[in-house]
Amino acid sequence: MSENDLFTNLLPTRVSVGTVTYPPGGTLGPRRQHDVQLVLVHAGSARVAVDGREHRIAVGEVGLLLPGHRERFAFDADIATRHSWVQVHVPDLSPDMRAQLEQLPAVLPLTPALDAIAREAVATAASALPNAPALLAHLAAAALWRYIAEAQRRRPERARPVDDARRFIHANLHDPALTLDAVAAAAHVTPAHLIRSFRAEHGTTPKAYLWERRVALGVDLLANTGLPISAIAGRCGFTTPHHFSRRVRQATGMPPAALRRARWAEDGASTMRRHGPARAHGEHHPGG
């Protein structure tokens, strides 16, 4: 099982978000953390002692706090500290998931993407939208997912050739001349090593993954655009519309034109559910 597969159940059942300003020299705690919490510092700074080990969250940084630890906050002594928090209760936090979270950096730079997710969560919590609780739960989960992704991207000690290969494949789906050698070179490994890594992490091969992604993109474009089928085939890296049609039929049981009609019809949603997601014919792949 890959690292990311552990986190498929991260949708929280309880969420707390907000923004607060502490005066110079303010403190919080000691307290025991019961949830997973992100602390985003917008002004000032915070020193957080976690089980006696201190971390500093400077302005423009975000800290990760995990359940079961004892914490004490000491805010900037000279200026006011303004920070936001996204706190989630995850009931299905398994020991393996917990172990993976414990390995993440305690502090990361606050990227615009993560900041935007947190701001939207705070705004949603204060809104009167009828679906605010559900939207807030997904935004909080997205913030945590974003932190995990950014932490993984910043770990130089853990080379991720499969992740590099997948990013390269996604960026070059349109190229019909894309080869295994090119993908392996982008991941800085040999083709044989990449094949072994793909099989170990995803139960498939780079080639099968490439065709699966091409078909999935094609199905999405059929359902959500009015582009001609020949144009969609070209955008997805197929050399001919016939090849595209054959792959789509193998993956979904329907040719492209019929699949589009079904998707656009009133019962299109149920039709798509029956056929399920696009999958490369003859290859098993457990995840996207």
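The values are calculated or read from the model by the stated rules, or taken from the named source; none is laboratory data. Predicted model, so just to flag it, every value in this text is computed and none were measured. All accessible areas refer to the heavy atoms of the entire protein, side chains included, with ligands and DNA or RNA removed. Shrake-Rupley method; radii C 1.70, N 1.55, O 1.52, S 1.80 Å.
Let me make sure I get this right: for region 14-53, a, b and c are the square roots of the gyration tensor eigenvalues over alpha carbons, sorted descending. Under 1.5 in a/c it's rounded, otherwise prolate if a/b > b/c, else oblate. Which is it? Show your work: numbers first, answer last.
On the way: a/c = 1.86, a/b = 1.11, b/c = 1.67.
Here region 14-53 falls in the oblate category.
With an 8 Å Cα cut-off and a minimum separation of 6 or more residues, compute the relative contact order for the chain in percent. The partial results should precede the final answer.
On the way: 454 pairs, mean separation 43.0, N = 288.
Computed over the chain, the figure is 15 percent.
In whole percent, and with a 1.4 Å probe on the protein chains, what portion of the accessible area of region 107-186 is carbon and sulfur? All intermediate terms of the calculation are to be shown ahead of the outcome.
Numbers: 2560 of 4130 Å².
On region 107-186, the fraction of accessible area on carbon and sulfur atoms equals 62 percent.
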(message) Relative contact order of region 94-205, please, whole-number percent, based on alpha carbon pairs below 8 angstrom and at least 6 residues apart.
(response) 19
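Specify whether the C-alpha gyration tensor of region 150-213 places it in the rounded, prolate or oblate class, a ≥ b ≥ c being the square roots of the eigenvalues: rounded for a/c under 1.5, otherwise prolate if a/b is larger than b/c and oblate if not. Write out the running numbers ahead of the final one.
On the way: a/c = 1.67, a/b = 1.41, b/c = 1.18.
Because a/c hits 1.5 or more and a/b exceeds b/c, region 150-213 counts as prolate.
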(request) Multiply the residue separation of ARG119 and ARG82 by 0.36 nm, subtract the distance between their alpha-carbon atoms, and state the gained length in nm to one decimal. (result) 12.0 nm
(request) Please turn the phi angles of region 50-58 into ³J(HN,Hα) values with the Karplus equation 6.51 cos²θ - 1.76 cosθ + 1.60 (θ = phi - 60°), one per residue in order, whole Hz, x for glycine and proline. (result) 10, 6, x, 9, 8, 10, 10, 10, 7
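Any idea of the accessible area per residue across region 88-210, 1.4 Å probe, to the nearest Å²? Could you put the intermediate results ahead of the total?
Working: 6290 Å² over 123 residues.
Heavy-atom accessible area per residue stands at 51 Å².
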